[in-house]
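Notes for the one structure printed next.
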Amino acid sequence: MKYIDEFRNPQAVKALVHEIKSISTQKWVIMEICGGQTHSIMKNGLHQLLDGVVELVHGPGCPVCVTPLELIDQAVEIASLPNVIFTSFGDMLRVPGSSKNLLEARSEGADVRMVYSPLEALKLAREHLDKEVVFFAVGFETTAPGNAMAIAQAKKEGLTNFSELISHVLVPPAMTALLSSETNRVQAYLAAGHVCAVMGWEEYEPIAAQFRVPIVVTGFEPLDLLKGILMTVQQLESGKHVVENAYPRAVARKGNQQAKALLQSVFQTIDRKWRGIGIIPQSGWALTPEFAAFDATLKFETGHIKTQEPKECISGEILQGIKKPNQCPAFGTLCTPEHPLGATMVSGEGACSAYFRYHKEV
Amino acid sequence: MATLESFSCPLPKLYYDTVQLAHGSGGKLSAELIEAIFLPCFGNDTLNQLEDQATFAVPKGRMAFSTDTFVVNPIFFSGGNIGDLAVNGTVNDVAMSGATPKFLSIGFVLEEGLPIEELRQIVESIRYSAQQAGVNIVTGDTKVVEKGSCDKVFINTSGIGFIPPEINFGIAQIRPGDKIILSGSIADHGMAILTKRKGLSFQSGIKSDTAALNGLIATMMESEGTIHALRDPTRGGVATTLNEFAGQSGLGIRLQQETIPVNDAVRGACEILGIDPLYVANEGKLIAAVSEEHAELVLEAMRKHPLGTQAAIIGEVTNDHPKKVVMENAYGTERIIDMPIGEQLPRIC
């Protein structure tokens with residue numbers, strides 16, 4: 001299949017692995033930021049190919065995983081209100097809240113619908129003017145333009161029955177927080193290709209300079225990942241620490257300027273709580289006052305809901321790369337995909353789920 | 001080959017355009033529905049007697065008996081409808097024992113307000129699929145429920161088939177060294193349904209693979225290769241069926257990823273939605289565990305049948321890693337193929 005098979009070519013994979021091995025003089029610790037990258041690594045066994053040369057540490061880039069528990073509880077609360085159609089991407093539906101998830105709320109009578117785009121939620125709002133339609137706007141910079149577009153469109157059309165429950169988080173502040181941590185082991189980053197497709201990579205340059213870490217913008221297919229790892233190891237071996245782009249077919253230096261302009265008009269930067277990690281300053285987006293009427297937290301007054309995480313779950317340490325999923329005492333016993341304690345076991349992009357699916361002892 | 005149109009039945013017109021509660025009351029409207037819709041399509045000597053039960057002669061030996069209920073949404077999709085599924089699904093479950101499927105029962109739960117025209121189309125598909133599979137519908141039932149109590153139409157079918165002497169397929173027969181044969185491309189049905197569901201706005205061109213497999217199985221049995229077990233990988237896909245093979249036999253299964261056929265359109269849709277085709281439903285495919293020395297013989301026979309042209313050996317049974325399914329890829333790495341957990345949900349990004 002065009003645009004897929006070229007980037008999975010076994011000979012090219014083997015050649016890149018050979019090259020990485022031949023230039024490595026020590027075992028480097030590299031963090032892939034994005035959960036999509038984690039899954040591709042595990043699914044294709046790239047960590048097996050690089051064993052002994054590179055330790056891949058799994059980053060916090062799973063939007064489902066870092067959405068705070070209280071947002072899930074707020075979502076369940078709003079979804080359970082009469083006269084509300086609550087819409088969400090599929091993989092948020094199974095994330096456990098403190099008492100139930102959105103699928104369980106649906107089985108109790110809530111009108112919860114899976115959509116594939118916020119614009120579908122907007123369409124539902126047009127079709128059901130007598131109902132409140134709420135979209136669960138979760139994600140990094142990647143999903144933000146679509147969510148911003150839905151809000152801007154709703155305002156333009158004068159749709160007052162549409163709102164978004166927003167939990168947008170940003171990658172660069174999380175990278176900075178991880179590098180500032182006393183427990184940090186990360187020597188270089190593979191930056192998330194899709195985030196950079198929107199935002200470009202200029203904002204990573206101060207991080208690379210301040211912490212003296214190489215950052216390489218990297219894609220998701222096996223060859224993309226290996227190319228990114230090779231460029232990272234080349235920098236590490238030569239003592240360089242700059243931002244480079246290993247994903248030029250999708251990412252330009254300045255990103256998608258139209259999307260960025262839209263984001264700037266709809267969102268403002270705020271402090272955000274990350275599930276398992278805590279509050280990271282200036283690490284999220286909320287609607288600007290001009291669009292406050294579309295903020296579901298204000299509309300349904302759910303901001304007071306605060307929730308504590310289960311004690312057994314170490315997803316915070318996993319999201320920061322301090323521990324691997326199989327180092328968690330609850331992994332595969334108390335915590336399984338059927339009965340997850342934390343979101344990292346639920347999401348298609350969560351590191352615990354990736355380990356459970358692909359990496360259990362053979 | 002005869003076309004669908006050439007078999008169509010001349011159906012009389014009903015007074016109502018939609019299904020009414022009274023159509024399930026047992027009274028005059030029920031009789032009208034049976035006579036106008038069901039009998040002209042399903043009519044055979046056994047059914048036409050309109051007794052409370054079907055009676056038929058049985059040969060000596062073992063029978064296979066299976067039941068399944070169909071609640072698919074949407075009821076019409078590319079490549080078929082709920083009627084085709086209801087026949088083929090049960091025919092296949094019976095046939096996986098090596099039995100020749102002969103008789104089907106059919107039970108309808110209709111939602112008040114269902115357009116009669118849609119019911120006609122479904123019934124026509126049932127007739128056509130049953131004829132293609134060589135089975136007779138010998139008993140049936142219809143209930144109508146209030147609007148909102150079911151989703152348009154639910155169908156239950158049960159099937160009976162007769163197993164030839166000396167045939168004893170089953171997971172208990174699987175042995176280390178057996179080859180795993182898959183009859184064709186995977187995930188077509190599940191992705192046809194998913195891409196038709198409301199909300200997905202891309203046109204995929206993916207067609208359900210719904211088909212009765214008893215003809216293909218007969219061809220495999222005629223090849224005289226030793227078949228140990230057969231199963232159709234429906235809900236939960238190939239991954240689930242192979243985990244059942246491994247779990248119940250206590251043996252391991254090793255797959256070679258590049259040997260598993262996936263059609264390009266299906267692969268593309270799976271890539272876009274973040275769905276693993278190994279876990280997606282099929283409705284016209286089978287997986288066989290066949291003795292190592294006869295695998296090529298059975299495979300060759302399958303490939304000559306229209307439903308087996310893409311058949312392939314995708315792996316083998318092993319004493320290593322008991323009860324686990326492990327897949328090797330072209331890079332020489334491997335991963336566990338586990339049982340799925342719930343429905344696969346499209347990912348955020």
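The values are calculated or read from the model by the stated rules, or taken from the named source; none is laboratory data. Remember, predicted model here, so these are calculated numbers, not experimental data. Virtual Cβ from ideal backbone geometry, glycine too; neighbours counted across all protein chains shown.
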Problem - Unmet criterion (only one of (1) modelled with pLDDT of 95 or more; (2) in contact with a Phe, Trp or Tyr (Cβ under 7 Å, 6 or more places away or on another chain)) for A:Val66 - result: (1)
Exercise for the section: Go over the candidates B:Glu300, B:Glu316 one by one and state the one that is away from chain A (no Cβ under 14 Å), surrounded by fewer than 22 Cβ atoms within 10 Å (Cβ to Cβ) and assigned to a strand (DSSP E or B). Expected result: B:Glu316
Problem - Checking A:Ser22 against (1) within 30 Å of A:Gly239 (Cβ to Cβ); (2) touching a strand residue (DSSP E or B) at 6+ places or on another chain (Cβ under 8 Å); (3) more than 14 Å from every other protein chain (Cβ to nearest Cβ); (4) modelled with pLDDT of 95 or more, the condition it does not meet - result: (2)
Handout entry: Criterion: outside the structural domain of B:Gly27 (by TED's automatic domain parsing), touching a residue at least 60 places away in the same chain (Cβ under 8 Å) and closer than 27 Å to B:Pro115 by Cβ - qualifying residue of B:Ser249, B:Ser208
Key = B:Ser208
Completion exercise
Of the residues in the stretch A:41-86, those that are among the aliphatic types (A, V, I, L, M) and within 10 Å of another protein chain (Cβ to nearest Cβ) come to A:Met42, A:Leu46, A:Leu49, A:Val64
Problem - Cβ-Cβ under 8 Å pairs, at least 6 apart or on other chains, the stretch B:283-305 side within 9 Å of B:Met220 (Cα to Cα), far side acidic (Asp, Glu) and outside any loop (DSSP other than H, G, I, E, B) - result: B:Ala301/B:Glu222
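Being surrounded by 16 or more Cβ atoms within 10 Å (Cβ to Cβ), at pLDDT 95 or above and among the β-branched types (Val, Ile, Thr) narrows it down to one residue among B:Thr210, B:Thr195, B:Thr259; which is it?
None of the other options fit; the residue is B:Thr210.
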Handout entry: Test: residue in the stretch B:174-190 that is farther than 27 Å from B:His305 by Cβ, surrounded by fewer than 15 Cβ atoms within 10 Å (Cβ to Cβ) and at pLDDT 95 or above
Key = yes
Fill in the blank from the handout: A careful count of residues in the stretch A:248-274 that are in contact (Cβ under 8 Å) with a residue 12 or more places away in the chain and closer than 22 Å to A:Leu298 by Cβ gives 12
Fill in the blank from the handout: Scanning the stretch A:25-40 for residues that are in contact with a strand residue (DSSP E or B) (Cβ under 6 Å, 6 or more places away or on another chain) and at the interface with another protein chain (Cβ under 10 Å from one of its Cβ atoms) gives A:Cys34, A:Gly35
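Per-residue answers, yes or no, for (1) closer than 27 Å to B:Tyr15 by Cα; (2) surrounded by fewer than 18 Cβ atoms within 10 Å (Cβ to Cβ):
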site: B:Phe65; (1), (2): no, yes
site: B:Thr69; (1), (2): no, yes
site: B:Gly83; (1), (2): yes, no
site: B:Ala133; (1), (2): no, no
site: B:Asp141; (1), (2): yes, yes
site: B:Ser149; (1), (2): yes, yes
site: B:Phe154; (1), (2): yes, no
site: B:Ile167; (1), (2): no, yes
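Here's the yes/no breakdown for (1) at pLDDT below 95; (2) at positive phi; (3) more than 9 Å from every other protein chain (Cβ to nearest Cβ):
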| position | (1), (2), (3) |
| --- | --- |
| A:Ser98 | yes, no, yes |
| A:Leu103 | yes, no, no |
| A:Ala110 | no, no, yes |
| A:Tyr116 | yes, no, no |
| A:Glu120 | yes, no, no |
| A:His128 | no, no, yes |
Practice task
Tell me the helices (runs of 4 or more DSSP H) entirely within the stretch A:248-362 that contain at least 3 residues that are modelled with pLDDT of 95 or more and more than 19 Å from A:Leu102 (Cβ to Cβ).
Solution key: A:257-266
Exercise for the section: Please tell me if A:Thr307 is more than 14 Å from chain B (Cβ to nearest Cβ), touching a residue at least 24 places away in the same chain (Cβ under 8 Å) and hydroxyl-bearing (Ser, Thr, Tyr). Expected result: yes
Practice task
Take the residues in the stretch A:105-119 that are in a loop (DSSP other than H, G, I, E, B) and hydroxyl-bearing (Ser, Thr, Tyr), then tell me which one is nearest to B:Arg197 (Cα to Cα).
Solution key: A:Tyr116
Handout entry: Yes/no for B:Leu110 being assigned to a strand (DSSP E or B), in contact with a His (Cβ under 8 Å, 6 or more places away or on another chain) and not assigned by TED's automatic domain parsing to the domain that holds B:Ala212
Key = yes
Practice task
Evaluate the stretch B:94-115: report whether one residue or more is among the charged types (D, E, K, R) and farther than 22 Å from B:Met221 by Cα.
Solution key: yes
Exercise for the section: Tell me which of these A:Gly278 doesn't satisfy, since it passes every other one: (1) free of Cβ contacts under 8 Å to residues at least 24 places away in the same chain; (2) surrounded by fewer than 15 Cβ atoms within 10 Å (Cβ to Cβ). Expected result: (1)
Problem - Check on A:Val133, in the same structural domain as A:Lys273 (by TED's automatic domain parsing), crowded, with 24+ Cβ neighbours inside 10 Å, closer than 17 Å to A:Gly36 by Cα and in contact with a strand residue (DSSP E or B) (Cβ under 8 Å, 6 or more places away or on another chain) - result: no
Completion exercise
Residue hits (the stretch A:187-223; within 20 Å of A:Ser22 (Cβ to Cβ) and in a helix (DSSP H, G or I)) are A:Pro222, A:Leu223
